[in-house]
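Bear in mind that the values in this text are calculations on the coordinates, not laboratory data. Quantities reported herein were computed from a predicted structural model and do not represent experimental measurements. Note: ideal-geometry Cβ built from the backbone for every residue, glycine included; neighbour counts use all protein chains shown.
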Amino acid sequence: MQAAVEDADVLIVGAGPSGAVAAHELARRGFKVVCLEQGDWNLPDDFTGDKPSWELARLKQWHPSPNRRGNDADYPINAENSPLEPLLFNGVGGSSILYSGHWVRALPSDFRVRTLDGVADDWPFTYEDLRPFYDEVTHHIGASGLEGDPSYPDAHTFPLPPLPIGKAGLRAARGMDKLGWHWWPAPNAISSRAFRNRPACQRYGACESGCPAGAKASADLTYWPDAIAAGAVLVTGARVRTLTTNENGLVAGAEYVDRDGRWHHQRAGITILAANGIGTPRILLNSASSAHPDGLANSSGLVGKRLMIHPYASVYGTYDEDLESHLGPAGQSLQSLQFYETDESRGFVRGGKWNLMPTPGPLNRVLWEPGTDWRDGFGSSFHDRLSGTFGRTLEWGITTEDLPEEGNEVVLDPDLTDSDGIPAAKINYRITENNDRLLDFHIARAVEAHEAAGAVSTHVDRVVRDSGWHLLGSARMGEDRTDSVVDQWGRSHDIPNLFVLDGSNFVTSTGVNPTATIMAVALRAARHLADHRSHQVSAS
Amino acid sequence: MLDPTARERLAVLADVLIPGTDAFPSASAAGVPADLIDRVLGFRPDLVPAFERALDLADGLEAEAALDLISGAHIAEFEALSTLVSGAYLQSPQVQQALSYRPAPRQANDDIDTYADLLEVVVDRGFDIHGAELS
């Protein structure tokens, strides 16, 4: 094996949102940073949202499931034992390349669910502790939104005004107004006006297959240029197999393979895993050795456990007028936290966040559902289905809080490997009883919301299989080393020069889209690491 | 590239899947079995084998019987056929015009004025924030 670059102060595995934040913070504070990313760069012109191929390409080449996409940079995930398909992207920017950019901070109660609701665990810090980091990241990435949402204790600001809610958002807002329910023009990690290196959104509605305008705040555009300018070295096409340890029990670096099949060892004083809620436990479990038979950093036995994915429901309403609901952003136009907080009279604890989304693209309206009679959507039905729904259909999407269960887990598949022969991950996941009740309640309310807005028909997809974007909790934070993997700064309890800074470290899932929280937590941890450098154990 | 026989077979199947109406052309009239199918096969080369198998399965059958057979027992083949035929159809400028589909780009204009009055009500109503005192 050979070293690709000289010894690093810090090695980061994964160039997604948390890796990008950490690389920027540590490089600008003088650390010699190397990041290994198994994917590559993508330019806005690589995406098809502004091209005739878009609707067909997003079903394959730009599908958010690595199993469906099957790119060279992707690794397979066995999801047979899960009603949710894990969705992620391997490349510079990570899953923010394909995320919808819902830029939502968690609420104060999310950090205190044990105290307030008697379930799961409190986080080792509070909303107030995290708030300055939410603010900093929000302004760095150029999020769009409107300050003053009463569902938060502070009137947090955005550097850009909200994106248009359009005819569709206004129609839905009037429905919420009739019911007296909370709604707000939604915060998005999408620029409503030109911001730094990004132009304004051009409303393609193709956010989830990569923004062709370069308006979405993906980490390749928001943090990596600054991190590289500060001296960080980003190595693409570098797939990590294992972390290595030295005679002192510290992590010495990582073994990785490049796209030509050559193996390398990257040494580093400190190693940060930022490889997402499946990739990170996979690497830790693949790093098992005689000294660490259950995998690295796993004395608690919780590496891979407590996986949370946020079961997601889509409640569609179809209206009797053209609402231009094919236009982006997608992105969210409205959000509602009306049923976010616990009300035990509903028969469950915690809640969910609603997002109003468009339904871009006509092809999506006419795809065949296997198992159905083709005459239901084709033949004499085809044109009614197409004309009756295209531009007239809105989605209230419901992200439901997923409480941690040890049985929901990431393990190594005994047979499946990636294209380099590295054991792949398998997820075992089931929806909890609390979440089942939560789903039913929220879906019924969302149908009411559409009806109040005048929908002529509604359609429910109770648990959307292709919705497993939020991969959380599989190497949780905590104060007690017997029931957590890392401390509040992301540092392993077992190995003091090993950190986990992606969504694996979540204690609970919250009920909102996690990227803002992932990045705020990563920034808080990286800043603490830099501030306390003189006390930090290093393998160098 | 499809041979003439495959193209003829496709035209028959596609017109049963997407017949014409007063407002919309049929699949054949929109050009699906001609250049549009070639275009979308180029977009999705991974679907070519299943699409060709679907056409083979239809050999010697009436169109509706063929579609019943394929959709009932050959899911991948019917998904390929129906997705590519629909995808090709929606490439047609004639179809997009009939659908009043004017795709982006559009400007992201500020429209706060259209909902500011509704939002005042939300603010006035307030929100029961749980746990703020524990922060």
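Data overview
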| read-out | value |
| --- | --- |
| Cα-based equivalent ellipsoid of the protein assembly as shown: semi-axis lengths in Å, sorted from largest, via gyration tensor | 41, 31, 23 |
| Whole-Hz ³J(HN,Hα) from phi, Karplus 6.51 cos²θ - 1.76 cosθ + 1.60, for the range A:41-51, glycine and proline x | 6, 10, 9, x, 6, 5, 7, 9, x, 10, 10 |
| Residues listed by number, the range B:77-99, amide nitrogen under 16 Å from B:ASP22 label point at 7 Å toward C-beta | B:98-99 |
| Residue-by-residue Karplus 3J(HN,Hα) for the range B:2-12, coefficients 6.51, -1.76, 1.60, Hz, glycine and proline x | 7, 7, x, 5, 5, 5, 5, 4, 4, 4, 5 |
| Label zone at A:ASP440, where the point sits 7 Å out along the Cα-to-Cβ direction: the range A:390-434 residues whose backbone N lies under 12 Å | A:433-434 |
| Estimated 222 nm signal from helices in the protein assembly as shown, with DSSP H stretches of n ≥ 4 weighted -39500 (n - 2.57), rounded to 500 | -8500 deg cm²/dmol |
| Chain A - percent relative contact order, Cα under 8 Å, separation 6 or more | 23 percent |
| Of the GluC sites (Glu not before Pro) in the range A:430-530, those whose Cβ has at most 15 other Cβ within 10 Å and which sit in DSSP loop | A:GLU479 |
| Relative contact order of chain B, defined on C-alpha pairs under 8 angstrom at six or more residues apart (%) | 24 percent |
| Cβ-derived FRET efficiency at R0 30 Å, A:HIS535 paired with A:ALA194, nearest 0.05 | 0.10 |
| Set of lysines with alpha-carbon distance to A:LYS216 below 18 Å, sequence-local pairs under 8 removed | A:LYS51 |
| Spin-label model distance (nm) - A:LEU367 vs B:ARG125, 7 Å beyond Cα toward Cβ | 3.4 nm |
| Amide H contacts of A:ILE272 (H built 1.01 Å from N, under 5 Å, at least 5 apart or other chain) | A:LEU11, A:ILE12, A:VAL13, A:PHE499 |
| Per-residue mean of C-beta atoms belonging to partner chains within 10 Å, peptide B:112-122 | 5 |
| Under the Karplus curve 6.51 cos²θ - 1.76 cosθ + 1.60, θ = phi - 60°, whole-Hz ³J(HN,Hα) for the range B:30-47, x wherever Gly or Pro sits | 7, x, 4, x, 8, 6, 5, 5, 5, 4, 6, 5, x, 6, 10, x, 5, 8 |
| Segment A:VAL460-A:ASP45, length gained on full extension (0.36 nm per residue, minus Cα span) | 145.9 nm |
| Nitroxide proxy distance, nm - points 7 Å out along Cα→Cβ at B:GLN107 and A:ARG29 | 4.4 nm |
| For A:THR242, residues with placed amide H under 5 Å, excluding near neighbours | A:GLU255 |
| DSSP beta bridge pairing in the protein assembly as shown, given as percent antiparallel to the nearest 5 | 65 percent |
| Sequence-separation-based contact order of the range A:388-479, relative, with Cα cut under 8 Å and 6+ spacing, percent | 24 percent |
| Restricting the range B:60-118 to GluC sites (Glu not before Pro) in coil, as DSSP defines it, with at most 13 other Cβ within 10 Å | B:GLU62 |
| Residue-span extension gain [A:ARG430 to A:GLU321] - 0.36 nm each, minus C-alpha spacing | 35.3 nm |
| Relative compactness, the range B:4-104, computed as alpha-carbon Rg over 2.2 N^0.38 Å | 1.04 |
| Amide H partners (placed H, <5 Å) of A:ALA8, local residues excluded | A:ARG267, A:ALA268, A:GLY269 |
| Per DSSP, loop GluC sites (Glu not before Pro) in the range A:235-332 with at most 11 further Cβ within 10 Å | A:GLU247, A:GLU321 |
| Point-to-point label distance, B:VAL12-B:GLN97, nm (Cα→Cβ direction, 7 Å offset) | 3.2 nm |
